[in-house]
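The values are calculated or read from the model by the stated rules, or taken from the named source; none is laboratory data. What you see is a predicted model, and the numbers here were worked out from it, not measured in a lab. FYI the Cβ positions are ideal-geometry reconstructions off the backbone, even for glycines, and counts take in every protein chain you see.
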Amino acid sequence: MSTAVPRAFSVLELLVTSPSGLPLGKIAEELAIPPSATHRIVTELVDLGYLRSDSEGNYALGLQLVSQALRHLASIPLVELARPTLDQLAELSGELVRLSIPDGDHLVWVAKSQGARGGLRYDPDAGREARFARTSSGLAWLSALPEDQAIARLQAQGFERDDDSRSSGPRDLDEALAAVREARERGFAFTDSTHELGIAAVAVPVSRADGTPAAVLSIAGPSVRLTRERALELVPHLFRGREDLAVLADSTLHA
């Protein structure tokens, strides 16, 4: 099989984590691709609109890739139909509300609605992966899975800290499983500064009628506002939102 396509995807995947872009030499070094081959790849991707270059010679993701990704997300029935529920929860909570769905063995935030109108705002881009052991969304998702499947996903992903080394969170399988079991018992997961320092979140799994998980609904915001007490106040509203989304999940499954 030609190496051109895998290399092109490797370039795109690398630049997803570098929103400001990287110079050609750094891309070649990170991916262990000869500079000449790297130059051909990025040139073609720029011509297609999937990459853009700046005056300093850095390459970053282009609008074409973002546009195609957003069009794809909008075509997913549950994502499109969930919008009113997300907006309602955002208005009620005054915080960021997100929907995440599985992508293979990963969980990805695919839609959001911002309820914060002023002051501190937590508003990361959609499309980011929700780490299983370090996010309320990840823990909520695992809580809806059989124990052996939850263990397998935790072991596969590992327990490395995110970019902010000051963040806390489970350090091994035992600690992660304890958090998953607590979420399963309570019906929701709450985290504070485990994924990003100073950010708290509360999440509930959304399951279909047959019990299989379809998505996760979460609320996130600055820890100074989204305290544990405030999160507990919002849990009943998350439960109601989950009921609405569960109906949608079943309808899209059988559509």
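Odds and ends about this structure:
- Close pairs from the range 31-58: first more than 21 Å from S20 (Cβ to Cβ), partner of a type in the set (D, E, K, R), Cβ under 9 Å, at least 6 apart: A37/R7
- If you go through the range 1-15 and keep only what is polar (S, T, N, Q) and modelled with pLDDT of 90 or more, you end up with just S10.
- Enumeration of residues in the range 192-218 that are part of a strand (DSSP E or B) and more than 21 Å from D103 (Cβ to Cβ): D192, I199, A200, V202
- So G221, is it part of a helix (DSSP H, G or I), crowded, with 19+ Cβ neighbours inside 10 Å and in the same structural domain as G127 (by TED's automatic domain parsing): no
- Looking only at the range 54-110, and only at residues there that are basic (K, R) and at pLDDT below 90, the one that is nearest to W141 (Cα to Cα): R83
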